[in-house]
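Asker: I am attaching a structure below and will ask some questions about it afterwards.
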Amino acid sequence: MDYAITTAGTATVSELLSSLGVDPSGLKAVWVSLPAAAFVTPSGFDTQVEVAEGTVLRTYDAKNCMADALFNIVQELRFATECTCTFGHEGGYQIATILKDICSKKGKPGDLALMRDLAPVMVSQALCDEGKAIGRAVIQVLDAFADEIEAHITKKVCPAGSCRAFQTYHVLVSKCTGCGKCLKACQDDAILGKPKFVHVIVQKNCTQCNKCLEVCPEGAVVTAGADKPKTPPKPIPCKRK
Ligand code: SF4
Ligand code: SF4
């Protein structure tokens with residue numbers, strides 16, 4: 001969630017959160033936009049940061065994916081500057097491309113190492129504040145959340161359950177009435193079922209189009225990230241009538 005700062009000065013992240021009425025419990029990080037351009041985890045909430053009128057404080061909790069969070073920060077910084085210096089402009093493009101791929105299930109081994117190599121060079125060589133800020137943000141996020149980001153590549157999961165490409169669709173046995181609406185809506189032959197049987201989604205055929213979830217009148221279709229509900233391997237008679 002974004003909060004706008006209305007006065008310039010220096011304060012700790014805890015003080016800023018308190019002044020905005022934000023409860024810090026449950027937060028896993030806070031991004032403070034320029035001039036601080038700092039990505040701060042709870043252990044650093046007592047660190048002083050510089051803010052200006054219009055600085056944005058963005059909070060993240062367990063449901064926020066840090067790869068996606070970093071991608072959005074990088075994009076905002078890239079488009080906030082007209083500077084075309086090699087390390088700021090090209091470096092930002094490279095970092096954004098890598099993060100977009102990671103969030104789209106196209107991440108490659110070595111992506112994190114590449115970002116780790118590129119980021120310090122951006123901090124020292126970029127000519128604009130935004131280019132330097134991208135480098136700093138990458139370093140700070142990778143220091144705190146490398147495992148979460150790496151899981152997208154090595155385990156093919158988004159631990160926060162937020163990146164759409166990693167979501168899986170499931171039909172809950174407790175809610176399905178076997179009405180068949182999802183079966184009719186799916187254009188990818190990804191659903192098995194017959195009347196009054198709990199329908200089953202075949203994950204390898206599913207393209208995450210979301211149509212089954214939209215048409216189900218019972219709320220029986222759900223998405224899942226790392227924790228998936230237990231579902232039968234093939235249709236079984238419905239418990240619900
Ligand atoms: S999300 Fe789309 S492709 Fe996947 S099961 Fe549902 S309707 Fe079919
Ligand atoms: S998942 Fe929903 S739409 Fe599909 S058969 Fe069950 S109740 Fe009907």
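The values are calculated or read from the model by the stated rules, or taken from the named source; none is laboratory data. Remember, predicted model here, so these are calculated numbers, not experimental data. Please note: Cβ atoms are built from the backbone with ideal geometry, for glycine as well, and neighbour counts cover all protein chains shown. Heavy atoms of the whole protein, side chains included, go into the accessibility calculation; ligands, DNA and RNA do not. Shrake-Rupley method; radii C 1.70, N 1.55, O 1.52, S 1.80 Å.
Asker: With the contact rule set at Cα under 8 Å and sequence spacing of 6 or more, what percent relative contact order holds for the range 167-224?
Answerer: Values: 103 pairs, mean separation 27.6, N = 58.
So the answer I get is 48 percent.
Asker: Could you sort 1-9, 59-67 so that the peptide with the highest average Cβ count within 10 Å comes first and the rest follow in order? Show your work: numbers first, answer last.
Answerer: Values: 1-9: 12.7, 59-67: 18.1.
By packing density, highest mean first, the sequence is 59-67, 1-9.
Asker: Provide the per residue accessible area, probe 1.4 Å, for the range 1-61, rounded to a whole number of square angstrom.
Answerer: Details: 2940 Å² over 61 residues.
Each residue of the range 1-61 exposes 48 Å² on average to a 1.4 Å probe.
Asker: On to the next question. Just need the relative contact order of the chain here, percent rounded to a whole number, with Cα pairs under 8 Å and 6+ apart. Can you show the working numbers first?
Answerer: Details: 447 pairs, mean separation 38.0, N = 241.
Across the chain, relative contact order equals 16 percent.
Asker: While we're looking at this one, here's another question. When the accessible area of the range 167-224 is computed with all protein chains present and a 1.4 Å probe, what percentage of it is carbon and sulfur? Kindly include the intermediate steps, with their values, before the conclusion.
Answerer: Details: 1610 of 2990 Å².
C and S atoms contribute 54 percent here.
Asker: Specify the inter-centroid distance of the range 157-217 and the range 32-104, based on alpha-carbon positions, in whole Å.
Answerer: Distance between centres, Cα-based: 34 Å.
Asker: Please report the relative contact order for the range 32-149, taking Cα pairs under 8 Å with a sequence separation of at least 6, and give it as a percent rounded to a whole number. Kindly include the intermediate steps, with their values, before the conclusion.
Answerer: Values: 141 pairs, mean separation 36.7, N = 118.
Averaging sequence separation for qualifying contacts and normalising by length gives 31 percent for the range 32-149.
Asker: List the longest stretch of the chain that has no exposed loop site; here a site is one of the GluC sites (Glu not before Pro) assigned by DSSP to anything other than H, G, I, E or B, with at most 16 other Cβ within 10 Å. Please report the intermediate quantities before stating the final value.
Answerer: Values: sites that count: E53, E82, E218.
The longest uninterrupted stretch comes out as 83-217.
Asker: Let me ask you something else. Taking amide H positions as placed 1.01 Å from N in the peptide plane, with prolines and chain starts having none, which residues 5 or more places from T12, or on another chain, fall under 5 Å of its amide H?
Answerer: Answer set, sorted by chain and number: V49.
Asker: With the crude spin-label approximation of a point 7 Å out along Cα→Cβ, what separation in nm comes out for D147 versus D46?
Answerer: About 2.4 nm separates the two model spin labels.
Asker: For K204, list the lysines whose Cα falls under 16 Å from its own Cα; do not include residues on the same chain fewer than 8 positions away.
Answerer: Partners within reach: K105, K156, K228, K234.
Asker: Something else: First measure r as the distance between the Cβ atoms of K63 and S19, then evaluate 1/(1 + (r/R0)^6) with R0 = 30 Å and state the FRET efficiency to the nearest 0.05. Write down the numbers at each step before the final one.
Answerer: On the way: r = 24 Å, r/R0 = 0.81.
For K63 and S19, the calculated efficiency is 0.80.
Asker: Hey, another quick one. What distance in nm lies between label points placed 7 Å from Cα along the C-beta direction at D117 and K100?
Answerer: Simple spin-label model gives 2.2 nm for this pair.
Asker: To continue, here is another question. Hey, what's the range 167-224 come to in accessible area per residue, 1.4 Å probe, Å²?
Answerer: Values: 2990 Å² over 58 residues.
Per-residue accessible area for the range 167-224 comes out at 52 Å².
Asker: Which helices, counted as full DSSP H runs in the chain, have an axial Cα extent of no less than 27 Å and a Kyte-Doolittle average of 0.0 or above?
Answerer: Working: long enough: 129-154 (33 Å, 0.17).
TM-like helix candidates: 129-154.
Asker: Give, in whole angstrom and from largest to smallest, the semi-axes √(5λ) of the equivalent ellipsoid of the chain, with λ running over the eigenvalues of the Cα gyration tensor. Provide the component values of the computation, followed by the final result.
Answerer: Working: eigenvalues 346, 89, 40 Å².
Those come to 42, 21, 14 Å.
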